[in-house]
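Rule-based calculations on the coordinates, nothing more; no lab input. Here the structure is a predicted model, which means the values were calculated and not measured. Here the Cβ is made from the backbone with ideal geometry for all residues, glycine too, and neighbour counts use every protein chain on show.
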Amino acid sequence: MTDATREIGFEQARALEERYLMRTYRRAPVDFVRGEGALLWDAEGKRYLDFLTGISVCSVGHCHPDVVEAVNEQSQRLMHVSNLFYTEPMARLAERLSESSLGGRVFFSNSGTEANECAIKIARKHAHARGVSAPEIVSFESDFHGRTYGALAATPALAANEALGPMLAGFRAVPRNDAGALREAVGEGTAAVLIEPIQGESGVFPISDEALLAARQACDEAGALLIFDEIQTGVGRTGSLWAYEQTPVRPDVITSAKALGGGYPIGACVTGPAAAEVLAPGDHGSTFAGGPVATAAAIAVLDVVDDPVLLRRVRELGAYLREKLEALAGVTETRGRGLMVGVGLEEGIDAAAVGADLLGRGLVVNAPRPDSLRLLPPLVIDSDHVDHAVGLIEESLLAFRGR
Ligand SMILES: *Cc1c(COP(=O)(O)O)cnc(C)c1O
């Protein structure tokens, strides 16, 4: 299929990118032009099954008709007025987010990293109110919280990049799932424990109940806040609206983004009662955040995802997907919850090469580490999609094991 609205082809786009874009990404050589549900099409008309969804963004499927309609409708009426005025979609979305989770207040942002910046400000101000002069935020070593300087400081693997220094002070990390080290790191000076309940970018590693319970207890004893970064795990990805619902703890703050707008950029920092009143006028803000189009899109997304039938399907299909993957030669383990799945590969198989091979075969996945694939399919897939994806992964692994 060719698209009459396109003015340049793939090679020209590639040449422009090569000349004009900063070299912050290594892109795969595909030029997607259309998406519908779980499917994508490139400029040559080749069809792909998308088991990555723009890194868990298009969880309701590409161009979900309800999201498209909400964006169309709202963008024809009013696109932006700023946070100096009231707009209805923002107020309605705040209610939805609060009432579906921690019950406190919401701050909107435009991205995940900005949602975490808000959470970090809340944590620091909350600590200052208890008389802590140099508040510290504790995370796990392989956590990912974003790329602005605050969130970056809580992302140890990236904060180690000295060329970007100096890093923000007041952050500390302990080994993943080390409940003892976490307990020891949290004390009087701790403002918050900021963690992903399931680490996504580092390869899909769920945090153990033991470590989560240790974090909750240590925060309670120190008067610190427990913050869950649910930017990847939230909005239904794990088979509950929020991942914390399937853990034994309730955080004080959660951050959301990625799937929240169904492809439209939006983030949110949602508090429980303990953190709801911390920020005051002047403490934080954003020109674009909470705009009518983004919040209308997010309401449409929640209308689809906040549905017990869909969420049960996510848990069932996730279990089915993992069972089928674990039966494949070349797969050593699967990790995750719901439709957030890490796939461990046999030693000697390079996950990035498998990912590139799968793209050629028409399946979009990614390889967050050399020994693992990550699958983040749309939450609206059915078992035929799973069978098709697993069949392609089987073929690919067969080819790599034969080498
Ligand atoms: C993607 C992600 C972020 C950063 O979100 P951006 O929208 O890229 O800023 C932060 N935390 C987690 C857990 C993420 O997966």
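Highest GNM mean-square fluctuation among 307, 66, 283, for the chain modelled with Cα contacts below 10 Å: 283.
Work out, step by step, the length gained on full extension between residue 172 and residue 398: first 0.36 nm times the residue separation, then minus their alpha carbon distance; give nm to one decimal. Please report the intermediate quantities before stating the final value.
On the way: separation 226, 0.36 × 226 = 81.36 nm, distance 4.26 nm.
Computed gain between residue 172 and residue 398 is 77.1 nm.
Scanning residues 5 or more positions from residue 268 or on other chains, those with amide H under 5 Å from its amide H are 109, 256, 257, with H placed 1.01 Å from N in the peptide plane.
The alpha carbons of segment 204-326 give a radius of gyration and a Dmax of 16.4, 52 Å, in that order. Beta-bridge orientation, the chain: approximately 65 percent antiparallel, per DSSP, counting only bridges with both partners inside.
At a Cβ-Cβ separation cutoff of 4.7 angstrom, cysteine residues of the chain with no neighbouring cysteine are 58, 63, 219. When Rg and Dmax are taken over the Cα atoms of segment 66-305, they come to 17.3, 55 Å. All distinct Cα pairs of segment 118-210 go into the 1/r average, and the inverse of that average, the Kirkwood radius, is 13.5 Å.
Quick one: compute the contact order of the chain, relative version, from alpha carbon pairs under 8 angstrom and 6+ residues apart, as a percent. Don't jump to the answer; show the numbers that get you there.
Numbers: 834 pairs, mean separation 86.4, N = 403.
For the chain, the relative contact order is 21 percent.
Which aspartates and glutamates does residue 125 reach when only Cα atoms under 20 Å apart count, and residues fewer than 8 places away in its own chain are ignored? Here the aspartates and glutamates satisfying the reach criterion relative to residue 125 are 114, 117, 136, 188, 220, 221, 229, 252, 277, 283.
Take 49-62, 155-168, 117-130 and order them by the average number of nearby Cβ atoms within 10 Å per residue, most first; the result is 49-62, 117-130, 155-168.
Across bins of 10 angstrom width beginning at 0, how are the C-alpha pair distances of segment 288-403 distributed, in whole percent? P(r) over segment 288-403, rounded to whole percents: 13, 41, 25, 16, 5, 0. Over what distance in Å are the Cα centres of segment 248-327 and segment 131-182 separated? The distance from the Cα centre of segment 248-327 to that of segment 131-182 comes to 23 Å. According to the calculation over all Cα-Cα pairs in the chain, the P(r) per 20 Å bin from zero is 27, 58, 15, 0 %.
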